[in-house]
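Here is the structure we will look at.
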Amino acid sequence: MSMKAESIQIAESVFANPSAFLLLEEPQSYQNMTIIPIIIQEDKLIDFITLREAEELELIEVLETNSVNQLEVVNKSNKQLLIPFGTTVRGGKQDRTIWEPILLPPSETHKVFNTRSSPASSTNTFTVPSKCIEQSRWHLNESPKFKSTNQRLHPNVAFEAMSSTGQGAVWNEIQSHRDEMNYNGDIAPTQSYLDMTKNSQKETEEIVSNFRTIENQCGIICFVNKEFIGIEFYANMTAWNSMNEDILNAFAIEALRFKNKPMKEGEIDFFGTFQKTMKSIKMELSVRKGVGLGDVVEFNSNNNEKWRGITLIHEKKAVQFYLVSKRGGSTPNRTPQVQQFRNKINNQIL
């Protein structure tokens, strides 16, 4: 079996039999949001540090390029380094998101021959894919450098940011979120997703404060209004600990979006609902070589349900696994308002 076929098979196994891959703890609920903490089995663990950890140790630089859909990353770490899908970075000519999980090799063993890497990969420099989350700016405020933020993409925007969709779909969803949350025109004049979502921060932090991290946790399964909406987990507990509040905040935005919607009455079997849903989603899977180590596997539902996800498989393990459903939000023919904002941006980002 080829490595790519094996990566597809591993991703499929998470859908077919989640309990063989994950250990699930007791659900925790607050208001209309419920989470099931995930503990990954020991034989599925991988050692790496995250982008945030590398930044704190000054072991990474994220730099602007001449293209909106590419950033340059200089890795100085002697460990494997993960840039997760859904990471947002502020700076450069506009804020961006990284739209696939990327595992970079240790700097002293950079021997990755990959056409998607930059020519300078032997000097620990990689070109990574990005998408714009700040539509109406294309100039440097200060520096060509970026810093990661503690704001992850919430599921609806993350759904559109995955690589099977174009830049316009991301902008549409961000603008739809502005409309849903009734943010006034003074908020985020450059259409920055990061500036918009700051206005929900107090409410999302209040939700997140009511959930607790358990020992050896590496992810969550999330329900909103008693409906399964997504799952995210990592092959490393330290990674989860460094990002868990950011991830919970992103899911909490979904709880805010649906807080005034009807909720199913009575008790539900959260474990059974999760298992049943995972097995019932009809997914089309595709695989490609990652920017650094491993294979990126994408999955899209091929029925009327809107599910989309992505995982990075390395050494037969899922480094990051992310799956969400899209509920409401933008539609392909959504609004002339989006075009007005799009016309403000330099043509080179389209």
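The values are calculated or read from the model by the stated rules, or taken from the named source; none is laboratory data. What you see is a predicted model, and the numbers here were worked out from it, not measured in a lab. Ideal geometry is used to build each Cβ from the backbone, glycine not excepted, and the neighbour counts take in all protein chains shown.
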TODO: Looking only at the stretch 202-253, count how many residues are under 14 Å from the mean Cα position of the chain (by Cα) and charged (D, E, K, R).
DONE: 3
Open item on the list: Can you tell me how many residues within the stretch 49-98 are touching a helix residue (DSSP H, G or I) at 6+ places or on another chain (Cβ under 7 Å) and more than 28 Å from Thr190 (Cβ to Cβ)?
Closed with: 7
TODO: Just give me the residues in the stretch 286-330 being surrounded by fewer than 20 Cβ atoms within 10 Å (Cβ to Cβ), touching a Lys or Arg at 6+ places or on another chain (Cβ under 7 Å) and hydroxyl-bearing (Ser, Thr, Tyr), in sequence order.
DONE: Ser301
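For the stretch 218-236, state whether one or more residues are out of contact with any strand residue (DSSP E or B) (no Cβ under 9 Å at 6 or more places or on another chain), closer than 29 Å to Glu61 by Cα, in a loop (DSSP other than H, G, I, E, B) and touching a residue at least 12 places away in the same chain (Cβ under 8 Å).
No, there is no match, as no residue in the stretch 218-236 is out of contact with any strand residue (DSSP E or B) (no Cβ under 9 Å at 6 or more places or on another chain), closer than 29 Å to Glu61 by Cα, in a loop (DSSP other than H, G, I, E, B) and touching a residue at least 12 places away in the same chain (Cβ under 8 Å).
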Task: Residues of the stretch 186-215 satisfying the condition of being among the small types (Gly, Ala, Ser) and in a loop (DSSP other than H, G, I, E, B) - done: Ala188, Ser209
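Are any residues in the stretch 14-32 acidic (Asp, Glu) and farther than 22 Å from Ala318 by Cβ, and if so, which ones?
Glu26
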TODO: Could you please find all residues in the stretch 126-185 being assigned to a loop (DSSP other than H, G, I, E, B) and touching a helix residue (DSSP H, G or I) at 6+ places or on another chain (Cβ under 7 Å)?
DONE: Ile133, Gln135, Ser136, Trp138, Thr149, Asn150, Gln151, Arg152, Leu153, His154, Tyr183
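May I ask you to list the residues in the stretch 248-303 that are aromatic (Phe, Trp, Tyr) and assigned to a loop (DSSP other than H, G, I, E, B)?
Matches in the stretch 248-303: Phe258 only.
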TODO: Could you grab me the full set of residues in the stretch 304-317 that are assigned to a strand (DSSP E or B) and at pLDDT below 95?
DONE: Lys317
